Amino acid sequence: MTAKKSATKRAAKKAPAGKKAVKGAPRDAGGVEGYIAGIPESSRKTFDALRAAARQAAPKDAVEVISYGIVALRTEKVLVWYAAFAQHCCLFPTASVLGQFRDELKGFKVSKGTVQFPLEKPVPVGLVKKLVRVRVAEVGKKK
């Protein structure tokens, strides 16, 4: 196998779910704006509310970047990730943060490090802000 074919295979393996890898393009081609432009219209309102709540709770110097093929808020380290899908939007504040909010997260689909917010329900802005603030504090303690 040639080096060019091998690189194309690696890019295809790393492409975010539901998206084809563009031959020769880096995973974050288009950056945050490109990711947002690709969000289905049906997911846009929920994603925008989730994004706004996360940004309000993050430090002022936090910037949005693409990490693992989705949007993340970062200072020296990534604080949280958030993403839009066809049926829901997700916040990824890490498993350690979610573990502290078991009771408040009842009624939401939660897996190891993520919580899903269905498109047909309003985003629980207060809860999202709490999750982000706890993650910010957690990252600050590790300095």
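Out of (1) touching a helix residue (DSSP H, G or I) at 6+ places or on another chain (Cβ under 9 Å); (2) surrounded by fewer than 16 Cβ atoms within 10 Å (Cβ to Cβ), the odd one out for LYS106 is which?
Failing condition for LYS106: (1).
Which one of LEU91, LEU105, LEU50, LEU73 is at pLDDT 95 or above and in a loop (DSSP other than H, G, I, E, B)?
LEU105
Out of curiosity, is VAL97 under 13 Å from LEU50 (Cβ atoms) and crowded, with 17+ Cβ neighbours inside 10 Å?
Criteria not met by VAL97.
Only one of THR94, THR75, THR114 is in contact (Cβ under 8 Å) with a residue 24 or more places away in the chain and touching a Gly at 6+ places or on another chain (Cβ under 6 Å); which?
THR94
The values are calculated or read from the model by the stated rules, or taken from the named source; none is laboratory data. Being a predicted model, the structure only gives us computed values, none of them experimental. A quick note on method: Cβ atoms are made from the backbone with ideal geometry, for glycine too, and the neighbour counts reach across all protein chains shown.
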